[in-house]
Amino acid sequence: MKARGIEALSSTTVSRNPSGYLKLLKDQYGLLKDAVDGFYAANEAKANDAAIRIRTLVHDTDKSKALLSLVAPNYMELSIYHRANTDVHPGAVFVLKQPFVLSGDGKSTFIRDDFSNPDYTLVPLKRWWTEAYLIIGAIRSSKKQIVLDLANKDGGAHVDPEVPLRHAAASEPPMIIGLHPNAVRPNLARSTVTQAGNELLDYIERHFPTVVELDNRIADSRVQEIQSRLQALKDSASQLDRTIVDKEARESLLRLATYLLADVERFVLPQALKAGNPIDASRWFSAAELQLKSAEEQLTRAQDMVSKYGPHLRVIGG
């Protein structure tokens, strides 16, 4: 009798309390934000996590519902920022829509969009999800296809021995960015998914503001970490400035690092502290962390030069 009762209970389903969907949305927002922040802080594998979160939030099937559809049945009609293809020539063979920067040593880094690019426009989520977006030769892939390929084929949730041609082209495109010896073949599947994740974060914040809360403890911890790292790098730059005897050598080796540190202290970090919402604050924090990383690389290079050639090293040539 007891066994039959347990069996009956195990085969029974119950309906969720609708209020619980907002809690789930808040959780997924936080997980997506962590993945997007991680990617732009140079952990590219975080794009796989972002793919899972986007799929959970947006992808609707006969067997499972998109979380956003349970919170707002009209979620596909709500607006989201999208870099549309309105000006792309139909014969275009390659279009790169993810911004990146090159550092002095030739390394390339994808940077986070702030939606100020004139190519950005507000469109319904359905168009954002289904419109052909990534153009590589004759292959046109939508964000839906790119997200699901990464989530279902490339280690997001599963790994498949065979993948669609579009995913192979996006993961290893026929292009190189950066300068030798730091030139790389960018994984455009990951960069596109993370760009989509960044856009979806803004979408959630604008349409569901009650689920987005800036956790002051996390923000304070991030500020303290940036300030501590900034001070340590300023101390290192000051020590090198006192150590390197030749003025031209000091200028050549320390100028960029000094500029980056001053920019973080006087502009980037203050912008983060006065940001009006979590997404903007996170963007500024990520920018500060990226600049500190670049400054640290420059100072390490300068320290290596001093260790190798001594404090009297000089710059030769123009």
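Bear in mind these aren't lab numbers, they're just calculated from the coordinates by the rules spelled out. Quantities reported herein were computed from a predicted structural model and do not represent experimental measurements. Neighbour counts are summed over all protein chains in view; Cβ atoms, including those assigned to glycine, are modelled from backbone coordinates with ideal geometry.
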Inset, instruction - Show which aspartates and glutamates lie in cross-link reach of LYS46 when reach means a straight Cα distance below 13 angstrom and same-chain residues fewer than eight apart are skipped. - result: ASP34, ASP37, ASP154
Inset, instruction - At 7 Å along the Cα-to-beta-carbon direction for both VAL101 and LYS65, put a label point, then send me their distance in nm to one decimal. - result: 4.4
Legend entry - Spin-label model distance (nm) - LYS293 vs GLU251, 7 Å beyond Cα toward Cβ: 3.1
Inset, instruction - Pull up all non-local amide H partners of TYR133: gap of 5 or more, or a different chain, and H-to-H distance under 5 Å with H placed in the peptide plane. - result: SER141, SER142, LYS143
Legend entry - Residue exposure sequence - ARG83, ARG127, ARG242 - by fewest surrounding Cβ within 10 Å: ARG242, ARG127, ARG83
Inset, instruction - Fewest Cβ neighbours within 10 Å first, please rank LYS143, LYS126, LYS23 accordingly. - result: LYS23, LYS126, LYS143
Inset, instruction - Beyond 20 Å between alpha-carbons counts as too far, so tell me which of LYS23/LYS144; LYS97/LYS144; LYS65/LYS144; LYS26/LYS274 fall in that bin. - result: LYS23/LYS144; LYS26/LYS274
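By how many nm would the segment from GLU77 to ARG301 grow when fully extended, if each residue of separation counts as 0.36 nm and the alpha-carbon distance is taken off? Could you put the intermediate results ahead of the total?
Values: separation 224, 0.36 × 224 = 80.64 nm, distance 5.12 nm.
Taking 0.36 nm per residue and subtracting the Cα distance, the gain is 75.5 nm.
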Inset, instruction - Give, in nm to one decimal, the length gained when the segment between LYS26 and GLU225 is fully stretched (0.36 nm per residue of separation minus the Cα-Cα distance). - result: 69.1 nm
